[in-house]
């Protein structure tokens, strides 16, 4: 579980981006973090990942104060996939192996267990056939899966992903969502920033809707529409119509 208590963060030049926010992200659940541009979604994930230091408030991960973990121990507890990532000159397998660094000993050599974790992550994401290819030669969807495989190899019980489906075609989006559900079913805490409200409601068990660094809604995904929070946050209202939906072909 990830727990934030009265978390506040902002830059000196303006109002707080996150203002006294308290929230809990449970194990074995997918939590979608939603909100208009500038509402604090990515900032929230970076605070949870210790990429930013809050002005006040506390963060607990796995039942312990996050400040008590050293860097390697924290990386064994929590994995973070930011919105923007470099595309280095590296093979897919080598990139995925980077996820094992928090588990390596003094020699920094991959053990048999580490290699098995890398192989498992490649298999789960369907990347075995391109494991030896340069990351730069892959499509955007394949690169996204490669970074997701790196997170899986990291084997952390808490996963943070910032807009992982952006720029992916519908097939890759559905595939990625299926992988996230499988990770949830393993008991992991999965927190995902998303812009597509319909997709978020289809994927997530729970929703945190932010507006001005504050939660407008924090609860089960199926309660978001009747809550009226979408109207207040975005100035739009949901319209329920029959529409075409898609599912993966087994």
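Neighbouring Cβ atoms within 10 Å as the yardstick, rank 2, 170, 249, 90 fewest first. Don't skip to the end; give the middle numbers.
Working: 2 23, 170 11, 249 6, 90 16.
Ordered by Cβ neighbours within 10 Å, fewest first: 249, 170, 90, 2.
With the Cα gyration tensor of the chain giving a ≥ b ≥ c as the square roots of its eigenvalues, does the rule (a/c under 1.5 for rounded; else a/b larger than b/c for prolate; else oblate) give rounded, prolate or oblate?
Working: a/c = 1.92, a/b = 1.25, b/c = 1.54.
Cα axes put the chain in the oblate bin.
Could you work out the relative contact order of the stretch 1-159, using alpha carbon pairs under 8 angstrom and six or more residues apart, expressed as a whole percent? Walk me through the numbers before you get to the answer.
Numbers: 229 pairs, mean separation 37.9, N = 159.
Relative contact order for the stretch 1-159 comes out at 24 percent.
Can you give me the distance in nm between label points at residue 225 and residue 248, each placed 7 Å from the Cα along the Cα-to-Cβ direction?
2.4
Per 10 Å bin, what is the whole-percent P(r) computed from every C-alpha pair distance within the stretch 104-184?
Here the calculated profile for the stretch 104-184 is 17, 49, 29, 5, 0.
At a 10 Å Cβ-Cβ cut-off, how would you order 128, 177, fewest neighbours first? Mind dumping the intermediate values first?
On the way: 128 13, 177 20.
Sorted ascending by nearby Cβ count, the order is 128, 177.
With a ≥ b ≥ c the root eigenvalues of the C-alpha gyration tensor of the stretch 50-110, is it rounded (a/c under 1.5), prolate (a/b larger than b/c) or oblate?
oblate
Which value in nm describes the separation of the simple spin-label points at residue 87 and residue 71, placed 7 Å from the Cα toward the beta carbon?
Placing both labels 7 Å along Cα→Cβ, they lie 2.8 nm apart.
Would you please give the FRET efficiency between residue 196 and residue 106, computed as 1/(1 + (r/R0)^6) with r the Cβ-Cβ distance and R0 = 45 Å, to the nearest 0.05?
E(calc), rounded to 0.05, equals 0.50.
Out of the DSSP beta bridges found with both residues in the chain, what percent are antiparallel (nearest 5)?
Roughly 50 percent of the beta bridges in the chain run antiparallel, per DSSP.
How many nm separate the modelled label positions at residue 15 and residue 55, each set 7 Å beyond the Cα in the direction of the Cβ?
About 1.2 nm, to one decimal.
In which sequence would 84, 42, 111 go, from the one with the fewest C-beta neighbours within 10 Å to the one with the most?
If I rank by nearby Cβ atoms, fewest first, I get 84, 111, 42.
Need one word for the stretch 188-250: rounded, prolate or oblate. Basis is the Cα gyration tensor (sqrt eigenvalues a ≥ b ≥ c); a/c below 1.5 gives rounded, then a/b vs b/c decides.
Oblate, since a/c reaches 1.5 and b/c is not below a/b.
Here, each number is a calculation from the coordinates, and none is a lab measurement. Everything quoted here is computed from the prediction, not taken from an experiment. Don't worry about glycine lacking a Cβ; one is built from the backbone with ideal geometry, like all the others, and counts go over all protein chains shown.
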